[in-house]
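Take a look at the structure set out below.
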Amino acid sequence: MKIKEKLYSDGVHISFEVFPPKTDDKYESVKKAVDEIAKVRPSFISVTYGAGGGTSKNTVGIASHIQNDLGVPSIAHLTCVSSTKSEVKEVVRKLKDEGIQNILALRGDIPDGMEYPAEDKFRHAEGLIRLLKEEGDFCIGGACYPEGHVESPNQKEDIRYLKEKVDCGLDFLTTQMFFDNHILYNFLYKIREAGITVPVLPGIMPVTNKNQIKRICSLSGTYLPERFKAIVDRFGDHPAAMQQAGVAYATDQIIDLIANGIDNIHVYSMNKPEIARAIMANLSEIVNG
Ligand SMILES: NC(=O)C1=CN([C@@H]2O[C@H](COP(=O)(O)OP(=O)(O)OC[C@H]3O[C@@H](n4cnc5c(N)ncnc54)[C@H](O)[C@@H]3O)[C@@H](O)[C@H]2O)C=CC1
Ligand SMILES: Nc1nc(=O)c2c([nH]1)NC[C@@H]1CN(c3ccc(C(=O)N[C@@H](CCC(=O)O)C(=O)O)cc3)CN21
C-alpha cells in the first residue's frame, strides 16, 4: 500500500521507526522487536538505512518482512551519501523485487572523515528523488528540518531547497525531531507560505536515555526546552523513570499536535516495543475513539 493513501484518509495515524541490525547475529532480535511493534497496528513502520552513517544491508529485508509477512505498510529509507549511483540503483532493484512501494529518499549523514561530495555520488537528496521517479512508481517521502538543517546558513535558504526537492516529486515529508511544538507550527506556516503543499509528518522522539539525547543533539543541533532539560537532569540516571518521563513528554507533544489538527504523526521509538505500546496505550481513545 502506498503511504500517501493513508495520509489522506480519515482519522489519526501513528507510525513508528525502526533501525535494521548492524550485524547478522542481531537479525532475529530486531525481527522480534519489529513483530511486537507491528502488533500495535501502526499506520506504517519506517526502516532506517545506516542511521548516522552505519550499515544498510538489512533495510530491504526488514522492510519486506514488515510489509509482506506482518501486513503493515512499510517504508524503506534510502540514503545516497555512502553509495555510488550504481550501488543506489542496485538497492532500488532489490526494493522493487520485494514489492516495496514506499521509499524515504535521503542524502543521509556524512560519516566522519568522508570526503563529500564525490564524483560518482549524488550530492543532495534531489538527485536520488529524480532517479526514483525514473526507476518506478514509488511513493516517495523526504526529510525536512523545522529548526533548519545544520549545514544550512539560514532557514530561508533551507526552505528554498526544500521547495525544489518537493517539486522533484516528493509525496510527503517527515520532520527532524523537535521538543517544542511551537517550532513545528512556525515551520509549517513558513513552508505553506513558500508553496509547499504536501503532507508533513511531525517526527516525535520519546527520549528514554540520557546518552542518546546527547548524540542526537550533537548531530542535529536540536533545541531542548528547559522543561525537557529538567526531566533529563532529574531522571537521566534512572532508566525506568527516564523512560516513563520520556514517554509522557512525547505523549504530551503528540496530543497537542492532534488537538491542533495534525492527524499523521511519526514516532522515533526505534526498536523498543515497550515504547510503541506505551505511546499507543496513552492515545487509545484519541486514535481509535
Ligand atoms: N529526518 C529524517 O527522517 C532523517 C534524516 N536524516 C538525515 O539526513 C540528512 C540529510 O539528508 P536530506 O535531508 O535528505 O538531505 P538534503 O540533500 O535534502 O539536504 C542536505 C543539506 O543540503 C542542502 N541542500 C539540499 N538541496 C540542495 C541543493 N540543490 N543545492 C544546495 N544545497 C542543497 C539542504 O538545505 C541541507 O542543508 C542528515 O543530516 C540527517 O539529518 C537521516 C535519516 C532520517
Ligand atoms: N541526523 C540524523 N540522522 C538520522 O539518521 C536520523 C535523524 N537525524 N533524525 C530522524 C531519524 C531518527 N533516527 C535515529 C534515532 C535514534 C537511533 C538510535 O537510537 N540508535 C541507537 C543505536 C543504533 C544502532 O545500534 O545501530 C542508539 O543507541 O543511538 C537511530 C536513528 C534516524 N534519523
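Results, tabulated for the structure shown:
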{"item": "Those residues of the stretch 135-177 which are among the polar types (S, T, N, Q), within 8 Å of ligand 1 (Cβ to nearest atom) and more than 30 Å from LYS96 (Cα to Cα), in sequence order", "result": "SER152"}
{"item": "Of all residues making up the stretch 35-52, the number that are over 15 Å from the mean Cα position of the chain (by Cα), surrounded by fewer than 23 Cβ atoms within 10 Å (Cβ to Cβ) and either within 15 Å of ligand 2 (Cβ to nearest atom) or on the phi > 0 side of the Ramachandran plot (or both)", "result": "1"}
{"item": "Any pair with Cβ under 7 angstrom, 6 or more apart, that starts in the stretch 164-188 at a residue that is under 13 Å from PRO199 (Cα atoms) and ends at one that is among the hydroxyl-bearing types (Ser, Thr, Tyr) and part of a helix (DSSP H, G or I)", "result": "none"}
{"item": "Condition broken by ILE159, with the remaining ones in (1) closer than 24 Å to ARG277 by Cβ; (2) away from ligand 2 (no atom under 16 Å from the Cβ) satisfied", "result": "(1)"}
{"item": "All helices (runs of 4 or more DSSP H) inside the stretch 127-234 with 1 or more residues being surrounded by fewer than 13 Cβ atoms within 10 Å (Cβ to Cβ), within 20 Å of the chain's Cα centre (by Cα) and small (Gly, Ala, Ser)", "result": "210-220"}
{"item": "Boolean, ASN154 is of a type in the set (S, T, N, Q), out of contact with any Gly (no Cβ under 6 Å at 6 or more places or on another chain) and farther than 19 Å from HIS266 by Cα", "result": "yes"}
{"item": "Residue within the stretch 17-27 that is basic (Lys, Arg) and over 17 Å from the mean Cα position of the chain (by Cα) present", "result": "yes"}
{"item": "Some residue of the stretch 246-266 being among the aromatic types (Phe, Trp, Tyr) and in contact with an Asp or Glu (Cβ under 9 Å, 6 or more places away or on another chain)", "result": "no"}
{"item": "Residues satisfying the stated conditions in the stretch 116-156, i.e. within 16 Å of ligand 2 (Cβ to nearest atom) and in contact with a Leu (Cβ under 6 Å, 6 or more places away or on another chain)", "result": "ALA125, GLY141, GLY142, ALA143, CYS144, PRO146"}
{"item": "Residue match in the stretch 259-270 (condition: more than 17 Å from HIS13 (Cβ to Cβ) and surrounded by 16 or more Cβ atoms within 10 Å (Cβ to Cβ))", "result": "yes"}
{"item": "Criterion violated by HIS65 - all others in (1) farther than 24 Å from PRO199 by Cα; (2) touching a residue at least 60 places away in the same chain (Cβ under 8 Å); (3) touching a Lys or Arg at 6+ places or on another chain (Cβ under 9 Å) satisfied", "result": "(2)"}
{"item": "Of the criteria (1) over 13 Å from VAL47 (Cβ atoms); (2) touching a residue at least 40 places away in the same chain (Cβ under 8 Å), which one ILE75 fails", "result": "(1)"}
{"item": "Residue count, the stretch 107-134 (criterion: more than 10 Å from ligand 1 (Cβ to nearest atom) and either at positive phi or modelled with pLDDT of 95 or more (or both))", "result": "6"}
{"item": "Criterion violated by ASN186 - all others in (1) on the phi > 0 side of the Ramachandran plot; (2) modelled with pLDDT of 95 or more satisfied", "result": "(1)"}
{"item": "Residue match in the stretch 225-236 (condition: within 16 Å of ligand 1 (Cβ to nearest atom), among the aromatic types (Phe, Trp, Tyr) and at pLDDT 95 or above)", "result": "no"}
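Conditions tested, residue by residue: (1) buried (at least 23 other Cβ atoms within 10 Å of the Cβ); (2) within 12 Å of ligand 2 (Cβ to nearest atom).
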| residue | (1), (2) |
| --- | --- |
| MET1 | no, no |
| ASP10 | no, no |
| PHE16 | yes, yes |
| LYS32 | no, no |
| ASN58 | no, yes |
| VAL88 | no, no |
| ASP109 | no, yes |
| MET114 | no, no |
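The values are calculated or read from the model by the stated rules, or taken from the named source; none is laboratory data. All values derive from a computational prediction rather than experimental measurement. We place every Cβ from the backbone using ideal geometry, glycine too, and count neighbours over all the protein chains shown.
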